[in-house]
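The values are calculated or read from the model by the stated rules, or taken from the named source; none is laboratory data. All values derive from a computational prediction rather than experimental measurement. Note: ideal-geometry Cβ built from the backbone for every residue, glycine included; neighbour counts use all protein chains shown. Keep in mind that these areas ignore ligands, DNA and RNA; they rest on the heavy atoms of the full protein, side chains included. Shrake-Rupley method; radii C 1.70, N 1.55, O 1.52, S 1.80 Å.
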Amino acid sequence: MDMLGSFRHMSIRQMLHQLLNFCLVVSSALAMWKGLAVVTNSESPIVVVLSESMEPAFQRGDLLLLSMFNTPIRVGDITVFKIAGKDIPIVHRVLEVHENTVNGTQYLLTKGDNNPVDDRGLYNRNQMWVTQKEVVGRVSAFMPYIGMVTIILNDYPQLKGLLLAVLGVFVLITKEE
């Protein structure tokens, strides 16, 4: 209750200052995300592995850093791609690469290391290949299990709401002296 008491004793100016601090933290995080996207040349520079399909290379919950530079994708590269009409990007290894010499387009066949067959069953109907425009990035680095926080918060949305509420209240009532 001491925190609630300190909130009541704040002036309007102090509350606005705390709200501004909170907005600064949020905007700084967004700026870092966009900066990382520019540096890595990837629209989504960080992704979390959501399944066991890439074991033993990556475990569920590993955090992957992606990059998307102009070098061609090669067999063995681990790519993250997003199929049109599907919500979740897929992290899988490139099995085959075919290049159209006329326009330079690459066509990729992918497979999860822990899956028995290639990904054609995951692609859209009548789609046999992933194109370069569907590739979000190539895995540059990873941090084991750091993404489990994201998985837990998505599996339990009430926990996410509670955590955001606690953080918001904490930021608003903490006074700088």
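Counting only heavy atoms of the protein chains, get the accessible area per residue of the chain (1.4 Å probe) and round it to a whole Å² value.
Values: 11580 Å² over 177 residues.
That works out to 65 Å² per residue.
For an R0 of 22 angstrom, estimate the FRET efficiency from the Cβ-Cβ distance between D118 and L153 and round to the nearest 0.05. Provide the component values of the computation, followed by the final result.
Details: r = 32 Å, r/R0 = 1.45.
Efficiency computed from Cβ-Cβ geometry: 0.10.
Quick one: what do you get for the chain if you divide its Cα Rg by 2.2 N^0.38 Å?
Values: Rg = 21.5 Å, N = 177, 2.2 N^0.38 = 15.7 Å.
Normalised Cα radius of gyration, the chain: 1.37.
Measure off 7 Å from each Cα along the Cα-to-Cβ vector at E96 and L36, then give the distance between these two points in nanometres to one decimal.
3.5 nm
From the phi of every residue in the range 145-162, what ³J(HN,Hα) in whole Hz does the Karplus formula 6.51 cos²θ - 1.76 cosθ + 1.60 yield, where θ is phi - 60° and glycine or proline is x?
6, 5, x, 4, 4, 4, 4, 5, 5, 6, 6, 10, x, 5, 5, 4, x, 5
If I model a spin label at D87 and T71 as a point 7 Å from the Cα along the Cα→Cβ vector, what separation in nanometres do I get?
3.5 nm
Give me the percent of accessible area attributable to carbon and sulfur for the chain, probe 1.4 angstrom.
Working: 7490 of 11580 Å².
Exposed carbon and sulfur together represent 65 percent of the surface.
Quick one: how many lysine pairs does the range 61-164 have with C-alpha atoms less than 23 Å apart and a gap of 8 or more or different chains? Give me the count, please.
Details: K82/K111; K82/K133; K86/K111; K86/K133; K111/K133.
Step by step, the pairs that qualify in the range 61-164 add up to 5.
Would you mind estimating how fast the range 116-177 diffuses translationally, via Stokes-Einstein at 37 °C and 0.692 mPa s with the Kirkwood radius over Cα pairs, in µm²/s? Spell out each step's value before the answer.
Values: Rh = 16.4 Å.
Here the translational diffusion coefficient equals 201 µm²/s.
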